[in-house]
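Heads up: the structure comes next, in C-alpha cells.
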Amino acid sequence: MHQKVHVAVLAVFAVVGASSLLHQSWTSAPTWDESAQLASGIAILRSGDPGFYRVNPPLVKLSSAAIPELLFQPELPGLYPASQMAVGARHEFNLGYRFMQANHADYRTLFYVGRLPRVLLTCLTAWLIVFLLPENVRKIGLIAAILWLTNPLVLGHGWLIMPDVSSATMMVLLITSTVAWWRRPARSTSTLCGLAWGLALSTKFTFCAVYLAWPVGTVIYQTRVAKLKGSQATLTAIQSHIYQGCIAAIVVAVMYGGQDLGWRLSQHHFRSDLLSWLNDTSSGDAPSSAVSRLVGQLPSPLPAQFLIGIDEQQTAVENGRAAYVDGRWYPEGVWWYYVYGLLAKEQLAVWIGAVILAIVFAVSLIRRKRLPPTGELRDKDVSALLICCSVAATSVLLVLSLHWQMAVNLRYALPALPAIYLLAGVAWCHWSFRAVRAMRFAAVALCVVMLWEYAVVFPNYFAYVNPMLGGSYKTPPVLHQSNFDAGQDLWRLEKWLSRNRELGTERYLCIHSHEPEACFQFKLRDPDPQVLEQMIQSRETPQANANTGVIEIVLQRRLGWEKPPETQGRRYRDQLIVELLHYPPDEFVTPTIAIYRMRRPSG
C-alpha cells in the first residue's frame, strides 16, 4: 500500500516538474552558453575532435547534439582544429554564433529537439533518487525527489543544453552505487561504482575533486559502521578507489574517442598555477625542479583534452571575477556565495520546513526527550546514506567555496543538491516524523505550499529568488548573470511586443544577446543619452501614464549588473542605464525585462 502511495505521489510531482520543463524548453530563448554547447556537440560528432568547448567534458554535448544532427544535419560553418588550439583560446562561442547565423530560419526546432534529452534526464533523476536506494530508505528518497522536482534552480536549468543538472544526475548514480558497494562489497558492485565515476567525470570536471575526497567517506563507513580496524579500512578504501578509478579512466577514454592517450604530463603546456609546475621548462627562464621533471615525464592515463580542459577551467578560476549579491559588488569574490545563492534559489516551503525541524529539535532539547526514531539511525543503509551524502555535499560546496575568486554561477553547485535533499529526507523521516504526529499534516501543508509557489512563479524559474530575500522583481536584483538572466526571456519578449503595438508610442528596445539579431523577431533600438536623462528625471517627478503619446524604454535588467561599474569602462549611456535600473519600472514583461514609460516632452 505504502509503495503504491509513494509511486502516486512521485508521479504527481513528476508531471508537475515535467510540464514546467517542457514549457520552458519550448518558450525560452537560447541562453548564451547553449548555442556554443550545441554547436560544439555537432562539431565533435562530425570531426571526431573532442576539443570543442573543452572546459566541459563531451558527454552532455554529444547526447544533446545527437538527435539534431541525425534528423536535421544543420549547417556548421567555420570548423577549426579545436584540439590544436592553445589553452585559453575560447573559440566555441564564435562557433555558436556562426551556427545560429547559418540556421537562423529553423534554429528553434534544433533547440526544441536538443533540449528534450535534458528534460527527460532531469525527470529521470527523481526516479533514480527513489528506486536506486534500498527499499527501507525509499521514503527518504521520495522526499528528496519531491524537493528535486520543485526546486526552482532545477526547474530553471533542467531544460538547458548544459552539463550542470546532468552532473546532479551523475551524483545520484555515485551515491546509490557507493551505498550499494559499501553494503554489499563485491567486484560487481565496485565495478558499477567505477562506471558511475566514469560517467560523472565525463560530465563535469568538479568530480575530479570529489573523487579525491570520496575515500574519506569509505574509511568512515568501514570503521564506524562495518567495524573494520583503521589500517584495514584505509587499505580497503585505497585499493577499491584505485580500481574504480581505473574503470572510470576507461570510460573517460571512450568518451574522448580514445584520442591522445599516454602523453607525458609535461607535453600539455599547462597555464594554470595548479598544473603549470608540470610543464617542461628546460628551454625557459625558470628551471624545472627535480620533482616536476620526474612527474612531468610520467605518461597520463587520461586523454590530453581532458587534462587541458581542466587546466583551461582552472586558469579561468584563477583569473577570477567579481561576485555580485543584492546590489553590492565584491571585487575579490566571497567564500559564502554558493551557500547564500542556494538559499536564495530555494523554494519557500523548504525554508518553512527547516524552521519546523529546528523548532522540533529545540523542543526536544528543552524537554530532554529522546526521540523514538533515533534508533533507526543505526540502520546500516541509513548510516551509509548519511555518510555518503555528507561527503558528497561537503566536497562540492567546499571546492566551490575555496574557489571564491570565481563565485559567479550557482549552477555549479547543482551536484550537491541531491545529497543535500537526501540528508533533509533523513532528518525529516528519522528524526521527527514519528516523534511528532502533527508532522504528517505539516508535510501535506508543505506540499500545498510547494504547488502554490510553483503556480505563482511559473514559468520564471530561471530568475527565481526566494521572497524572503526580496523575490525576483526586487530592484536592484538580488542575483545576476546565469543566476538571474542569460537571455532566456527574449522569446517571451517577442510575444509581448507583438501584442503591444500601441499607436503613438515611441519605443526603444535596449536588449543585449549573444545570438545574431536575425534569430529574433524584433529590431534593437538603443535610447540616446538625452532620452535616458529625461526618463530618469521623470522617475523623480512621476507623471500619469497614457496609452498614446508616450516614450517607452524596454530594458533587459541584467545590463546594469554584468560587471562592476569601475572595471567595465562604461560609456555615459551605459551609466545612465544603470541609474535608471535602480528605479522600479512601470511594468515587468518578465522578472528580467522591464518597461519604463514617460509622456513625450512637449516641443
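Looking only at region 183-204, filter to residues that are buried (at least 18 other Cβ atoms within 10 Å of the Cβ) and assigned to a loop (DSSP other than H, G, I, E, B); which one of those is farthest from the chain's Cα centre (by Cα)?
Looking at the filtered set, the residue picked out is SER202.
Look through GLY41, GLY78, GLY48 and report the one residue that is modelled with pLDDT under 95 and in contact with a helix residue (DSSP H, G or I) (Cβ under 6 Å, 6 or more places away or on another chain).
Values: GLY41 fails: modelled with pLDDT under 95; GLY48 fails: in contact with a helix residue (DSSP H, G or I) (Cβ under 6 Å, 6 or more places away or on another chain).
After ruling out the rest, the residue left standing is GLY78.
Scan region 131-161 for residues that are surrounded by fewer than 24 Cβ atoms within 10 Å (Cβ to Cβ) and not in a helix (DSSP H, G or I) and jot them down.
LEU132, PRO134
In the set GLN575, GLN534, which member is more than 28 Å from THR27 (Cβ to Cβ), assigned to a helix (DSSP H, G or I), at pLDDT 75 or above and open to solvent by 60 Å² or more (accessible area, probe 1.4 Å)? Write out each step before concluding.
Values: GLN534 fails: open to solvent by 60 Å² or more (accessible area, probe 1.4 Å).
So the residue among GLN575, GLN534 that is more than 28 Å from THR27 (Cβ to Cβ), assigned to a helix (DSSP H, G or I), at pLDDT 75 or above and open to solvent by 60 Å² or more (accessible area, probe 1.4 Å) is GLN575.
So for region 450-463 (the condition being of a type in the set (D, E, K, R) and outside any loop (DSSP other than H, G, I, E, B)), does at least one residue qualify? Break it down stepwise before answering.
Restricting attention to region 450-463, the residues satisfying the condition of being of a type in the set (D, E, K, R) are 453.
Okay, now just the ones that are also outside any loop (DSSP other than H, G, I, E, B), so 453.
There is at least one residue in region 450-463 that is of a type in the set (D, E, K, R) and outside any loop (DSSP other than H, G, I, E, B).
In this structure, is VAL399 within 26 Å of the chain's Cα centre (by Cα), surrounded by fewer than 22 Cβ atoms within 10 Å (Cβ to Cβ), part of a helix (DSSP H, G or I) and of a type outside the set (Gly, Ala, Ser)?
On the way: within 26 Å of the chain's Cα centre (by Cα): yes; surrounded by fewer than 22 Cβ atoms within 10 Å (Cβ to Cβ): yes; part of a helix (DSSP H, G or I): yes; of a type outside the set (Gly, Ala, Ser): yes.
Criteria met by VAL399.
Filter region 444-465 for residues that are farther than 15 Å from LEU147 by Cα and under 21 Å from the mean Cα position of the chain (by Cα); which is surrounded by the fewest Cβ atoms within 10 Å (Cβ to Cβ)?
Start the filter on region 444-465 by keeping residues that are farther than 15 Å from LEU147 by Cα, which leaves 455-460, 462-465.
Checking which are under 21 Å from the mean Cα position of the chain (by Cα) leaves us with 457-460, 462-465.
Details: VAL457: 22, PHE458: 14, PRO459: 19, ASN460: 22, PHE462: 26, ALA463: 26, TYR464: 24, VAL465: 23.
Checked region 444-465; the qualifying residue surrounded by the fewest Cβ atoms within 10 Å (Cβ to Cβ) is PHE458.
Between VAL252, VAL219, which is over 28 Å from PRO58 (Cα atoms), out of contact with any Cys (no Cβ under 8 Å at 6 or more places or on another chain) and open to solvent by less than 70 Å² (accessible area, probe 1.4 Å)?
Working: VAL252 fails: over 28 Å from PRO58 (Cα atoms).
Result: VAL219 is the single residue among VAL252, VAL219 that is over 28 Å from PRO58 (Cα atoms), out of contact with any Cys (no Cβ under 8 Å at 6 or more places or on another chain) and open to solvent by less than 70 Å² (accessible area, probe 1.4 Å).
State which residue is farthest from LEU348 (Cα to Cα) when the search covers only region 472-510 and only residues that are touching a Ser or Thr at 6+ places or on another chain (Cβ under 8 Å), small (Gly, Ala, Ser) and buried (at least 18 other Cβ atoms within 10 Å of the Cβ).
Out of the qualifying residues, it is GLY487.
Hey, does region 47-58 have a residue that's of a type in the set (A, V, I, L, M, F, W, C) and under 20 Å from TYR80 (Cβ atoms)?
Taking region 47-58 as the starting set, the residues that turn out to be of a type in the set (A, V, I, L, M, F, W, C) are 52, 55.
Narrowing further to those that are under 20 Å from TYR80 (Cβ atoms): 52, 55.
Scanning region 47-58 turns up at least one residue that is of a type in the set (A, V, I, L, M, F, W, C) and under 20 Å from TYR80 (Cβ atoms).
Applying the selection to region 479-516, what residues are of a type in the set (D, E, K, R) and in contact with a His (Cβ under 9 Å, 6 or more places away or on another chain)? Full working, then the answer.
Going through region 479-516, the residues of a type in the set (D, E, K, R) turn out to be 485, 489, 492, 494-495, 499, 501-502, 506-507, 515.
Once the filter is applied, which keeps residues that are of a type in the set (D, E, K, R) and in contact with a His (Cβ under 9 Å, 6 or more places away or on another chain), region 479-516 yields only GLU515.
Does VAL172 fit the bill of being surrounded by fewer than 24 Cβ atoms within 10 Å (Cβ to Cβ), at pLDDT 95 or above and either more than 19 Å from the chain's Cα centre (by Cα) or not small (Gly, Ala, Ser) (or both)?
On the way: surrounded by fewer than 24 Cβ atoms within 10 Å (Cβ to Cβ): no; at pLDDT 95 or above: yes; either more than 19 Å from the chain's Cα centre (by Cα) or not small (Gly, Ala, Ser) (or both): yes.
No; evaluated as a whole, the condition is false for this residue.
Out of curiosity, is LYS227 surrounded by fewer than 17 Cβ atoms within 10 Å (Cβ to Cβ) and either among the charged types (D, E, K, R) or modelled with pLDDT of 95 or more (or both)?
Values: surrounded by fewer than 17 Cβ atoms within 10 Å (Cβ to Cβ): yes; either among the charged types (D, E, K, R) or modelled with pLDDT of 95 or more (or both): yes.
It is true that LYS227 is surrounded by fewer than 17 Cβ atoms within 10 Å (Cβ to Cβ) and either among the charged types (D, E, K, R) or modelled with pLDDT of 95 or more (or both).
Here are ILE242, ILE250: which of them is touching a residue at least 12 places away in the same chain (Cβ under 8 Å), out of contact with any Leu (no Cβ under 7 Å at 6 or more places or on another chain), in a helix (DSSP H, G or I) and more than 16 Å from CYS388 (Cα to Cα)?
Working: ILE242 fails: touching a residue at least 12 places away in the same chain (Cβ under 8 Å).
That would be ILE250, the only listed residue that is touching a residue at least 12 places away in the same chain (Cβ under 8 Å), out of contact with any Leu (no Cβ under 7 Å at 6 or more places or on another chain), in a helix (DSSP H, G or I) and more than 16 Å from CYS388 (Cα to Cα).
Which residue out of THR178, THR236 is of a type in the set (Val, Ile, Thr), in a helix (DSSP H, G or I) and over 29 Å from the mean Cα position of the chain (by Cα)? Before the answer, list the steps.
Working: THR178 fails: over 29 Å from the mean Cα position of the chain (by Cα).
One residue alone meets the criteria, THR236.
The values are calculated or read from the model by the stated rules, or taken from the named source; none is laboratory data. As the structure is a prediction and not an experimental result, all values here were calculated from the model. Methodologically, a virtual Cβ is constructed for each residue, glycine included, from the backbone with ideal geometry; neighbour enumeration extends over all protein chains shown. Accessible surface areas use protein heavy atoms only, side chains included; no ligands, DNA or RNA. Shrake-Rupley method; radii C 1.70, N 1.55, O 1.52, S 1.80 Å.
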